[in-house]
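Encoded as structure tokens, the structure appears first; notes follow it.
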Amino acid sequence: GVHSTPHYINLEYVDEVEGKTCLIPASTAIMFCYFNNLEYFHKYLEEYQGPCVILIGPEEHAKRHCDPEPLYLVDSEDWRLVSQLRLEGDDLIAVYVRKGFFL
């Protein structure tokens, strides 16, 4: 609206896009913050060609849940964990790079 702050990022909502899908440019990272649908997570990863995945969610001992959890890709054949940051409040940020990419 006229009183809201300006949008600096062009947001595309998949459910509003023809074909109900949108390609994520390979030059970008993809981030999942407290995502809760493992089936759709895998569909996004299948389509994504970029080098970096960021997962944000609760640590294992927290009394909250998301799916996938931040360390979900630790044993992946396609991704390697390159950084993690524990936040106050039992949250964790995990950054993965596609194996074969150098960042």
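Each reported figure results from applying straightforward, stated rules to the coordinates on display, with no laboratory input. Here the structure is a predicted model, which is why all the values come from computation and not from measurement.
Applied to the stretch 74-85, the Karplus parametrisation 6.51 cos²θ - 1.76 cosθ + 1.60 on θ = phi - 60° returns per-residue 3J(HN,Hα) values of 4, 9, 5, 7, 9, 10, 10, 6, 10, 6, 8, 9 Hz, with x for Gly and Pro.
Distances between placed amide hydrogens fall under 5 Å for Asn37 paired with Asp67, all partners being 5 or more residues away or on another chain.
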